[in-house]
1. Report the full-extension gain for the segment residue 92 to residue 115: residue separation times 0.36 nm, less the Cα-Cα distance, to one decimal in nm.
2. Could you look at region 15-64 and say what percent of its accessible area is carbon and sulfur, using a 1.4 Å probe and all protein chains?
3. Determine how large the accessible area of residue 172 is when every protein chain is in place; take a 1.4 Å probe and give Å² rounded to the nearest 10.
4. Sorted by packing (mean other beta-carbon atoms within 10 Å per residue), highest first, where do 155-165, 191-201, 93-103 land?
5. Could you work out the relative contact order of region 96-214, using alpha carbon pairs under 8 angstrom and six or more residues apart, expressed as a whole percent?
6. Would you mind getting the accessible area per residue of region 113-214, heavy atoms of the protein chains only, 1.4 Å probe, in Å²?
7. Suppose R0 equals 22 Å; then what is the FRET efficiency for residue 173 and residue 204 from their Cβ-Cβ distance, rounded to the nearest 0.05?
8. Quick one: if the Förster radius is 35 Å, what FRET efficiency do residue 103 and residue 154 give, using the C-beta to C-beta distance and rounding to 0.05?
Amino acid sequence: MDDTCVLCTRCFQATDHSGHDTSFSVNSGTGGCCDCGDPEAWKIPLRCRHHSNLDELEEAGLDPIISSAGAPFVSGYNNNECPSSVRRSIELTIAVVLEFILETFATSPVNLNPQFDENSIMEDARNASFAMGDDEPQTKFAVVLWNDEVHSFQDVIDQCIEALRCSMAEAKRIAETVDASGRDVLRVSTSIPELIDIATTMTNVSLSVSIRAA
């Protein structure tokens, strides 16, 4: 093992450390994880009584803390299989993550700085709604500025002031948001022509923008 391998208090107390040199530290936040289940982290198996295979613990003459008699708050734990409640939780988590990924792909622009056309924007919005199973007609749209890693802060600030007629402070906030998050919504409106005017002004200096359903 190396100096970066650690055990949480729970797993440390559930393993035998006779003859080991140990040190302890307190971490008030995140930044690490317990290496209990990583076989490459340890020279010999730890046989944690919380997490080791039941057969391994029985062979070593150790009693599991989570035994085959049942685990508190985890119904159905009567063998080495994953409990149904845990499987269901994993399935729901994966479903939510996949839904987020699909929604992001469905609503993200394929091409930045296209020829802005009201009919094309409406068609893209309908296609995105269809992909998400949403039959409601889109009434609000947004013009989005994307980070291109090319233009300077001052380029963005100057063009935002011209396109949006906004203050220096607001233009600076937009530039900082785009730099930190990769994009920012410049304006939301029911008027696509208004958004096209803003987008056209931004693209005059080759900034990357798109118009999409809000």
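1. Working it through step by step, the gained length comes to 4.2 nm.
2. 45
3. That residue has around 110 Å² of solvent-accessible surface.
4. So the peptides 155-165, 191-201, 93-103, ranked by packing, come out 155-165, 191-201, 93-103.
5. Reported relative contact order: 39 percent.
6. 57
7. 0.55
8. My answer for the efficiency is 0.50.
The values are calculated or read from the model by the stated rules, or taken from the named source; none is laboratory data. These figures come from a predicted structure and were not determined experimentally. Every residue, glycine as well, gets a Cβ built from its backbone with ideal geometry; the counts of neighbours run over all protein chains shown. Heads up: the accessible areas ignore ligands, DNA and RNA and are worked out on the full protein's heavy atoms, side chains in. Shrake-Rupley method; radii C 1.70, N 1.55, O 1.52, S 1.80 Å.
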